[in-house]
Structure formats: C-alpha cells, structure tokens
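I have placed the structure first, in the form of structure tokens, so that the comments after it can refer back to it.
The values are calculated or read from the model by the stated rules, or taken from the named source; none is laboratory data. No experiment lies behind these values; they were computed from the predicted model shown. Because the Cβ atoms are built from the backbone with ideal geometry, glycine has one as well, and the counts that use them run over all protein chains shown.
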C-alpha cells in the first residue's frame, strides 16, 4: 500500500489534477485488524486532497459485502466496506449492470451483483438435474464503515457511520466497456478487443464525468460527495427495477420421470438474498437453497438465459443479486444514490452552487 499512498500524496501536493480515481482493493476490516496505521494514512491523504479542492473517487470493490474475501484471505468472519472508499473525504463509487436497447440507447439498469445456476449440459443440452447453484460471482462493494462516523452530508442515509457507496456507474463485466487492446504499440502487431468491468471501471468513469462538470462550470468543484446529496432527484437516476422490467425473468419446469414435474420460480433460480449460502437435497432429491438467517432479499433483479459459445452449456444469469447487499428505492448499499443523469446532473450542480 505504501507506493500507492506515496503516489496519491505526490499527485495531491503537486496539483497534478483536480480529480483523482483510485482502486485500493482491500476490505476495511482487514486493515482494522491487521494494519490500522494504513487506514490512518489513507484518510489523512484523502483529507488533504479534499482540503485543497481535489475530488478523489475510490471504487468500493468487486466482492460485494466482502464476507468471502475476509474469510478466505484474512481469516476474518465479517462483512466489510472497502478501503479507502470508507473515508468521508472521498467519493465512494459503486456499480451497476447497464442494459441498452437495439439502438444503443439506455434501457434499464440493476445494481451490479450476479448469481448463476447451471440448468443444461453441453450439446445436445440434457438438463442438469439437480441444478448447480454456483451462487454469487461478483458485485459492487458497499455498506457501513466501522471506523468513520457518518459525515454531515449523509444525514439522510441510515446508520451512524460512513455509508458506501455515494454514487455509481456501469461496472458489470457482462455489460462492461469494450476496448481495443494494443499490447506493445508496435504498428502492424496484433490487436484484440476485450470487455472490462468492475468498480475499477465505474470509479474512473465517474471521475471523467466529474472532470467534465469541473470544465462546464469553469472551476474546481472539489470533493463530489457532499454536493451529490444536495442535488434534486432528477439529477440522479435511481436504480430500482419495477414491473414490467422483471416480467421476463427466467422460470421453468423440470421434468424427470418418474418424479412429478417441478416448477422453478424466478426467485428460486435467482436466489436473491441467499448468495454464499449452501444448498441441500430435499426428500425427493431436489436441490434447494438454504436461506441465510441475515439475508436481505432484493426484488430489483433481472435474470436471463445464457449459453456460452465455447462450452454450449445453458446457465441462468441473475443481475442485481449482490451478496447480502441489496438494491432498493433511494440510497442503497450497492448503487448509492444511483447514476448521474447526463446534462441534467451538470445543471443541478450549477443550481446548488448558485444557491449555497
């Protein structure tokens, strides 16, 4: 972490830019338990940046509530927000899954968090009985800090500690940003096309957007987070799926004689709120998920059939199911306030600044 801290401080002290984007990629609780001095350093550097008018955007991470990471990598049985997104002196950036219509116009979005279940094997695609629940595959980080008290600008947000994220942009690798990769910049050498995602995509995307806001307003706006909570509702798109968005979620019937046909609901296949939980066989040998006692079910999800071009298997991908985090109306711990609404967002900032 030392090199990253030195680079941040150098950029701030030398005024290299008014906007900084960063991805620290470690849960807050890991630093609390194993390296608390690093939290102090990160927060002090962020405070210096905010004091001189620099807006630092930090990604909230790609592992949802971080429970699996904390257990596997640090031996800590705890959910956790991400560091340094937890600092009240930065703007914490979460993530969405963003869907376009056939004309490449914005259609709808969910909070980024995906489960998947296998329902059919390779060609000729016999059904997978019982289905294989692979559970949570990745999603935007979020949740409360256990270190920093809630800043004044979050007065309308639940809890007494700093909550993350503040705002979001597209982060899902399945709906990510298509780029051209030029490995060595040598003319004539092979190039490739790839799709990238993660909150390490959404953080620089919002940073670019905030830099455009700086330019549009002819000055330095400073830290974004305090301003975001003052904007009128039309400035930010709330991320909350409503009917008829979810009417086409995947359902199905399993026919496996001599057993009676079994209907599988969208909620059963999606397992919203059951991410990371185990499954068990019922009396008929049918695989069922075991509900986690502290799970919070989200209804704001979208499921779809997916067939891999290489494996030819069939899976159900479920967007909007982010570990124990959930996407709901208003501020939530996956997408924050939502996503910026283009020019309306810029105009709303102008309005706030003209009426301090």
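Some observations on this one:
- Any hit, the range 119-136, residues being under 15 Å from the mean Cα position of the chain (by Cα) and not in a loop (DSSP other than H, G, I, E, B): yes
- Scanning the range 215-232 for residues that are surrounded by 13 or more Cβ atoms within 10 Å (Cβ to Cβ) and outside any loop (DSSP other than H, G, I, E, B) yields 216, 217, 224, 225, 226, 227, 228.
- For the criterion of being assigned to a loop (DSSP other than H, G, I, E, B), modelled with pLDDT under 95 and in contact with a strand residue (DSSP E or B) (Cβ under 6 Å, 6 or more places away or on another chain), residue 245 passes.
- Where residue 146 falls short, out of the listed (1) assigned to a loop (DSSP other than H, G, I, E, B); (2) touching a strand residue (DSSP E or B) at 6+ places or on another chain (Cβ under 9 Å); (3) surrounded by fewer than 17 Cβ atoms within 10 Å (Cβ to Cβ): (1)
- Considering (1) over 13 Å from residue 349 (Cβ atoms); (2) touching a strand residue (DSSP E or B) at 6+ places or on another chain (Cβ under 6 Å); (3) outside any loop (DSSP other than H, G, I, E, B), the lone condition that residue 208 does not fulfil carries the number (2).
- Residue in the range 249-270 that is under 23 Å from residue 333 (Cα atoms) and either at pLDDT below 50 or part of a strand (DSSP E or B) (or both) present: no
- Selection count, the range 57-72, where residues are under 13 Å from residue 202 (Cα atoms) and assigned to a strand (DSSP E or B): 3
- Residues within the range 158-211 that are more than 21 Å from the chain's Cα centre (by Cα) and under 23 Å from residue 104 (Cβ atoms), tallied: 5
- Within the range 233-259, considering residues that are crowded, with 17+ Cβ neighbours inside 10 Å and over 19 Å from the mean Cα position of the chain (by Cα), the one farthest from residue 115 (Cα to Cα): 235
- Answer from 16, 9, 44 - the residue that is outside any helix (DSSP H, G or I) and surrounded by fewer than 17 Cβ atoms within 10 Å (Cβ to Cβ): 16
- Per the conditions (1) part of a helix (DSSP H, G or I); (2) at pLDDT below 95, the sole criterion not satisfied by residue 158 is (1).
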